[in-house]
Ligand SMILES: Nc1nc2c(ncn2[C@@H]2O[C@H](COP(=O)(O)OP(=O)(O)O)[C@@H](O)[C@H]2O)c(=O)[nH]1
Ligand SMILES: [Mg+2]
């Protein structure tokens, strides 16, 4: 995840305020409220921030800490732990694993499929993409262009076709051609529309009917929308068993702190982060490295 450092500049800028705070030697109530303010500013959110502060205050008491510098170090470890509690490993544990990408419009589902395809085909996997966004003709054309770039196969249906049947056909094709992973796109849907959410349940059910097994349902969230992403995640998780989150557009976002809200409040692991528009701009999520990068602000000191 080394290359990501500069892409995280905007989020890191928020966390770099901790370096100024470190210079205040004594831990007092003003320092506590500044810690709180920095976390909220970084879009960790009010609920997760108060959970974090509460834990941190307990530790400060237990460890009898009185220096601001040491509490910032403890905070950094605590943030790492909260992310590491969740398992970011990707599940391919099936004869033919199927990963379904879900989320609202424009968050980066289709682009993320290209990125995951690129990463996994470099790792030796034989991939079939399923153009399950049959809502707009342009959507399968977009995925088709990516399939060419990534050198993967693509199964699509007629415009307006039932997305479940397109994804089902992709699993049959993948099985027949000995492919090892199916990546299925879906149309963006408003999490507030009950019928669209029901369609998603059907997609998952049908994808499991043939030779494929759905081993990941990846919810794609746009990090630039901040706390609104939490609401999206809660609604999707009510309809389908979301196994992980792909957090996109971190390159243009100062709201990367949302990662901690997702971990604390939703307990859904982040599995990938997206940091740009090319098919190479995606990284498997590494909690330890991520937190190290956020707190790597020597240059600002
Ligand atoms: N900067 C940036 N742009 C992204 C990222 N992921 C997706 N995009 C852009 O967001 C827009 C919507 O992406 P798309 O994959 O079509 O979203 P979908 O509607 O969820 O399928 C496109 O212009 C993408 O290039 C990312 O990680 N960083
Ligand atoms: Mg799309």
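Assorted remarks:
- Comparing the stretch 42-117 with the 2.2 N^0.38 Å rule of thumb, its C-alpha radius of gyration ratio is 1.66 (two decimals).
- Each of 129, 84 was scored by other Cβ atoms within 10 Å of its Cβ. Listed from fewest to most, they are 84, 129.
- In terms of other Cβ atoms within 10 Å, 25, 253 run from fewest to most in the order 25, 253.
- Per residue, the Cα convex hull of the stretch 160-301 amounts to 138 Å³.
- For the chain, a Kirkwood radius taken over Cα pairs fed into Stokes-Einstein (10 °C, viscosity 1.306 mPa s) yields D = 79 µm²/s.
- Counted by neighbouring Cβ atoms within 10 Å, the residues 32, 146, 99 run from fewest to most as 32, 146, 99.
- Taking every DSSP helix (H) stretch of at least 4 residues in the chain, weighting each as -39,500 (n - 2.57) and dividing the sum by the residue count yields a mean residue ellipticity at 222 nm of -14500 deg cm²/dmol.
- Computed P(r) (all Cα pairs; the stretch 1-150; 10 Å bins; percent): 8, 27, 23, 19, 16, 6, 0
Values in this text are rule-based calculations from the coordinates and carry no lab data. Since the model is a prediction, treat every value here as computed from it, not as a measurement. Don't worry about glycine lacking a Cβ; one is built from the backbone with ideal geometry, like all the others, and counts go over all protein chains shown.
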